[in-house]
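The values are calculated or read from the model by the stated rules, or taken from the named source; none is laboratory data. Computed from a prediction, not measured in an experiment: that's the story for all the values here. FYI the Cβ positions are ideal-geometry reconstructions off the backbone, even for glycines, and counts take in every protein chain you see.
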Amino acid sequence: MNGIAGKYALVTGAAKGIGRSSSLRLAEMGVNVAVNYRSSETEAQTLVDELKDLGVGSFAVQADVGQLDQVKAMVEAVGERFPHIDILVNNAGIIDDTLLVRMGDEAWSKVIDTNLNGTFYCTRAYVRGMMQRRWGRLINVGSIVGIRGNAGQANYSASKAGIIGFTKSVAKELAPRGVTANVVTPGYIRTQTVEVLGEKFEERMRALIPMDYIGKPDDIGHMVAYVASEKASYMTGQVVSVDGGLAV
């Protein structure tokens, strides 16, 4: 029904949270998934085992997507296992929060390198093949703070806002070749990153969310799977917020 069984996907930052859920939801639709991770090797291999149990091909590949040489090595390693990549989910991201007046060069650079440059490196590596085959899905995971900003997250907000502009531009370039490019922007999702911020933070966030609860990784994973499917074939250049109404 979804038209993508047998396709090949690469999900970056896939070992946990949103990346993990996105990988599982794609596998449920018959998509073979390469699982990228930076440091969570055990979690990545556990996910690979789960994906294989769903009847699809899968393997883990280590790379820091903010480092161009590692991206090149990852692309080569993926090419040895999969014939090509049809669906690219740029999910890998980090935070290093502090107020602007305290933000050092490293805190700025490493967030931009991973979140924005990593999206660029991975996308550039795979879009030519998608264009040649005249089918492809580029799905970039943004953030609500890339739309509305957030105190203490100038670096993260800038990286995610950059992803939106990048995706809209790329969507226009790729549309004539049958390749779509979209952004899924999560609100506050119950991931490891959010949970370590504590109960007081969660209470403040819930007060801002019309639906009055923190979302789950599957809320994003299901949207990623939909955008990857043939059901979303006429959708490109869009920013889809999944945030319980936070962006309203």
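Structure notes:
- Note on segment 135-167: residues that are among the basic types (Lys, Arg) and in contact with a strand residue (DSSP E or B) (Cβ under 8 Å, 6 or more places away or on another chain) amount to 2.
- Some residue of segment 77-88 being aliphatic (A, V, I, L, M), over 19 Å from the mean Cα position of the chain (by Cα) and in a loop (DSSP other than H, G, I, E, B): no
- Pairs, first within 11 Å of LEU10 (Cβ to Cβ) and touching a residue at least 40 places away in the same chain (Cβ under 8 Å) in segment 68-97, second in a helix (DSSP H, G or I) and among the basic types (Lys, Arg), C-beta under 8 Å, six or more apart: HIS84/ARG133; ASP86/ARG133
- Failed condition for VAL239, given (1) within 24 Å of ALA27 (Cβ to Cβ); (2) touching a helix residue (DSSP H, G or I) at 6+ places or on another chain (Cβ under 9 Å); (3) among the β-branched types (Val, Ile, Thr): (1)
- Taken together, the residues in segment 46-66 that are part of a helix (DSSP H, G or I) and over 25 Å from ILE95 (Cβ atoms) amount to 6.
- Of note, SER157 does not satisfy the criterion of being small (Gly, Ala, Ser) and surrounded by fewer than 15 Cβ atoms within 10 Å (Cβ to Cβ).
- Residues satisfying the stated conditions in segment 161-196, i.e. under 13 Å from ILE144 (Cα atoms) and either modelled with pLDDT under 95 or out of contact with any Leu (no Cβ under 8 Å at 6 or more places or on another chain) (or both): ALA161, ILE164, VAL183, VAL184, THR185, PRO186, GLY187, TYR188, ILE189
- Within segment 13-34, the residues that satisfy the criterion of being out of contact with any Gly (no Cβ under 7 Å at 6 or more places or on another chain) and either among the polar types (S, T, N, Q) or closer than 21 Å to ARG190 by Cβ (or both) are ALA14, ALA15, LYS16, GLY17, ARG20, SER23, LEU26, GLU28.
- Residue match in segment 44-61 (condition: under 24 Å from ILE164 (Cα atoms) and under 16 Å from the mean Cα position of the chain (by Cα)): no
- Residue check, LYS231 surrounded by fewer than 19 Cβ atoms within 10 Å (Cβ to Cβ), farther than 23 Å from LEU100 by Cα and within 19 Å of the chain's Cα centre (by Cα): no
- Here ARG133, ARG177 are screened, and the one residue that is in contact with a helix residue (DSSP H, G or I) (Cβ under 8 Å, 6 or more places away or on another chain), farther than 30 Å from PHE201 by Cα and either touching a residue at least 60 places away in the same chain (Cβ under 8 Å) or surrounded by fewer than 19 Cβ atoms within 10 Å (Cβ to Cβ) (or both) is ARG177.
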